[in-house]
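Trainee: Once you've had a glance at the structure underneath, I'll fire off some questions.
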Amino acid sequence: MLTMKTLILPIDPTAPDPTAIRQAAVVLQHGGLVAFPTETVYGLGANALDAEAVQRIFAAKGRPAYDPLIVHLAGPEALPAVGVEIPPLAETLAAQFWPGPLTLVLPRGPRIPLAVTAGGPTVAVRVPAHPVALALIRAAGFPIAAPSANRFGHLSPTQAAHVLDDLEGHIDMLLDSGPTPVGVESTVLSLVTPVPTILRPGGVSRESLVAVLGQVDVSGHVFTAEEVVPSPGALEQHYAPRARLTLYQGSRQVVLQAMHAAAVQLVAAGQRVGLLLAEGDAVAFAGLSVTVQSIETAGGLEGAARQLFTALRALDRAGVTAILARDFGARGLGLAIRDRLTRAAAGNVVKVG
Ligand code: AMP
Ligand code: MG
């Protein structure tokens, strides 16, 4: 893998400096790679219409060619440039949720190289709700293909430092706007299925899609690497920290008791234990020699989603060998959090009362 110098440009998330944006756009126009903030996580961008530039994304991430990329647009008016036979439903959803963390899967337009769609007949598109991302797409003058800016299978980056941990020296430029406001990836919704189907839960909740569409299916199946994968974000082992993670599901009290018992055993066996908890849970583990990361659940799960990946990275950095994580329910952003933790656990899920 070619090593290059990664230029890091700090940029105001609310009023992006046009000179910095121009500089980044020029890199993209020359077929280079720019990591940039979106409202969900940092993306690793290239010109979506340039197959060679798109190949560089796969090389930098170590991403297998079967995993397609999301194409980012400055507005819904650009949809005809990337898709064909765009269903009226796409316009309804765009009007309601764009800019925002909803990705629509549509029939691929002829200008989109097959590298972007992993050879498939569909393309995933969205309009990100982040001034830096929007300014960059506009300045570039073409749609930007961007997966999350991490090595394949790692946790998605919600801060510039996370991008550098994984990709320094493998990308031309990084626009650093601080932490991303949503913190989990977009909801991927297929519009090529008979009923709109959530392929990956994310920043737009199932409930808010149901409110607009009436009926939405959720592809509940977690795919193993051997199966044909309709949406690789649905792979079993994805979004993973280094330490082995166990997810505990059930009512709070019983979950905390089960986690406590497991932590005691693991510590006795010489493991370094990390706990992913909600604020207020830590007292249940007082006196135990464990590393705790508590995420904010007061007033909805926005805080929890925003802090999730940073908390998991912090546990990895603390050198824990086992992570015990609690579930946060399936309502609202809880479904996306459950999805990421289930995948990070690679099936290692304990269901208690
Ligand atoms: P990332 O941006 O890293 O979260 O990765 C993009 C994810 O979007 C992929 O892993 C897939 O799950 C999903 N995706 C992209 N294109 C398609 C597509 N054409 N059909 C279904 N899912 C897609
Ligand atoms: Mg990703």
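Trainee: Between 92, 40, which is among the hydroxyl-bearing types (Ser, Thr, Tyr) and over 19 Å from the mean Cα position of the chain (by Cα)?
Mentor: 92
Trainee: Give the residue that is farthest from ligand 2 (Cβ to nearest atom), with candidates limited to residues of region 109-128 that are of a type in the set (Val, Ile, Thr) and touching a helix residue (DSSP H, G or I) at 6+ places or on another chain (Cβ under 6 Å).
Mentor: Among them, the one singled out is 112.
Trainee: Does residue 250 qualify as being of a type in the set (Gly, Ala, Ser), open to solvent by 40 Å² or more (accessible area, probe 1.4 Å), in contact with a Gly (Cβ under 6 Å, 6 or more places away or on another chain) and at pLDDT 95 or above?
Mentor: Spelling it out, residue 250 is indeed of a type in the set (Gly, Ala, Ser), open to solvent by 40 Å² or more (accessible area, probe 1.4 Å), in contact with a Gly (Cβ under 6 Å, 6 or more places away or on another chain) and at pLDDT 95 or above.
Trainee: Does residue 92 meet the test of being polar (S, T, N, Q), out of contact with any Leu (no Cβ under 6 Å at 6 or more places or on another chain), in contact (Cβ under 8 Å) with a residue 12 or more places away in the chain and not in a strand (DSSP E or B)?
Mentor: Against the criterion (polar (S, T, N, Q), out of contact with any Leu (no Cβ under 6 Å at 6 or more places or on another chain), in contact (Cβ under 8 Å) with a residue 12 or more places away in the chain and not in a strand (DSSP E or B)), residue 92 qualifies.
Trainee: Another one. Could you tell me which residue of region 268-288 is farthest from residue 306 (Cα to Cα), considering only residues that are in contact with a strand residue (DSSP E or B) (Cβ under 8 Å, 6 or more places away or on another chain) and open to solvent by 50 Å² or more (accessible area, probe 1.4 Å)?
Mentor: 271
Trainee: Something else about it: For region 73-116, which positions are within 12 Å of ligand 1 (Cβ to nearest atom), open to solvent by 10 Å² or more (accessible area, probe 1.4 Å) and out of contact with any Phe, Trp or Tyr (no Cβ under 9 Å at 6 or more places or on another chain)?
Mentor: 101, 105, 107, 108, 114, listed by residue number.
Trainee: Still on this structure, please answer the following. For region 120-139, which residues satisfy the criterion of being among the small types (Gly, Ala, Ser) and not in a strand (DSSP E or B)?
Mentor: 120, 129, 133, 135, 139, listed by residue number.
Trainee: Run residue 185 past the list (1) of a type in the set (D, E, K, R); (2) within 13 Å of ligand 1 (Cβ to nearest atom); (3) more than 14 Å from the chain's Cα centre (by Cα) and report the number of the one that doesn't hold.
Mentor: Exception for residue 185: condition (3).
Trainee: Just give me the residues in region 59-72 being open to solvent by less than 40 Å² (accessible area, probe 1.4 Å) and aliphatic (A, V, I, L, M), in sequence order.
Mentor: 60, 69, 70, 71
Trainee: Follow-up. List pairs: first residue in region 159-188 and closer than 30 Å to residue 93 by Cα, second residue among the hydroxyl-bearing types (Ser, Thr, Tyr) and modelled with pLDDT under 95 anywhere in the structure, Cβ distance under 7 angstrom, at least six positions apart or on different chains.
Mentor: Here the result reads 188/231, each pair linking region 159-188 to a residue that is among the hydroxyl-bearing types (Ser, Thr, Tyr) and modelled with pLDDT under 95.
Trainee: Here is a list of conditions, (1) open to solvent by less than 10 Å² (accessible area, probe 1.4 Å); (2) more than 15 Å from ligand 1 (Cβ to nearest atom); (3) not aromatic (Phe, Trp, Tyr), and residue 127 meets all of them except one; can you say which number that is?
Mentor: (2)
Trainee: Could you list all residues from region 32-89 that are without any contact (Cβ under 8 Å) to a residue 24 or more places away in the chain and either in contact with a Leu (Cβ under 6 Å, 6 or more places away or on another chain) or within 16 Å of ligand 2 (Cβ to nearest atom) (or both)?
Mentor: 86 - this is the single residue of region 32-89 that is without any contact (Cβ under 8 Å) to a residue 24 or more places away in the chain and either in contact with a Leu (Cβ under 6 Å, 6 or more places away or on another chain) or within 16 Å of ligand 2 (Cβ to nearest atom) (or both).
The values are calculated or read from the model by the stated rules, or taken from the named source; none is laboratory data. In this text, all values refer to a predicted model and were calculated from it rather than measured experimentally. As a convention, Cβ positions derive from the backbone with ideal geometry for all residues, glycine included, and neighbour counts pool all protein chains shown. Side chains included, ligands, DNA and RNA excluded: accessible areas come from the protein's heavy atoms. Shrake-Rupley method; radii C 1.70, N 1.55, O 1.52, S 1.80 Å.
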